[in-house]
Amino acid sequence: MDSFTTGSSGSGSSQLSTDQFIDQMKAQLAQAYAEEFLEIVREKCFDKCITKPGLSLSGSESSCISRCVDRSSRLPVSLAELF
Amino acid sequence: MDSSALNSPDLQRFLNQEKEKAMVNEMVAKLTSVCWDKCITSTPGNKFSSSESACLSNCAQRFMDMTMIIMKRVQSMQ
């Protein structure tokens, strides 16, 4: 995964404190989760909204995509509430 | 390994290039998969028909258009 390779550049100084390391890992994980989620959103929204690719995005396709992104963003929160 | 080697500009440049290549590869694979499903609906023939070709080309471009819309939308949400 891409985000794991971008570490601290130029960190000539030796040690991160445990807290700093944990914070960094959390940030990278969050980034990775967000990217993974976006991949799914892209695929699903393209699937649902663009049935016949044309020479440009029509207005209805564009608004479908917007709605799709908004809906999709709320899904993980709703699912998380189940646990 | 001498830790200063990890910071060398050559290595950084190499890593960045490899990262970019990986991203391009990923995009090509994704477009191939998505657009094949979308555009090649019947049994594949010897060549792409003109409508299949047009569809594939449109598909790739619309996918990129859509990616832009999604990026902007997500950014505006934050």
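Take the residues in the stretch B:61-74 that are more than 8 Å from chain A (Cβ to nearest Cβ) and within 17 Å of the chain's Cα centre (by Cα); name whichever of them is farthest from A:A34 (Cα to Cα). So the residue we want is B:M64. Can you tell me how many residues within the stretch B:54-75 are open to solvent by 50 Å² or more (accessible area, probe 1.4 Å) and under 19 Å from B:M27 (Cα atoms)? Of the residues in the stretch B:54-75, 7 are open to solvent by 50 Å² or more (accessible area, probe 1.4 Å) and under 19 Å from B:M27 (Cα atoms).
The values are calculated or read from the model by the stated rules, or taken from the named source; none is laboratory data. As the structure is a prediction and not an experimental result, all values here were calculated from the model. Quick reminder, even Gly has a Cβ in these numbers, built from the backbone with ideal geometry, and neighbours come from all protein chains shown. Each accessible area value is taken on the protein alone, full model and side chains, heavy atoms only, with ligands, DNA and RNA left out. Shrake-Rupley method; radii C 1.70, N 1.55, O 1.52, S 1.80 Å.
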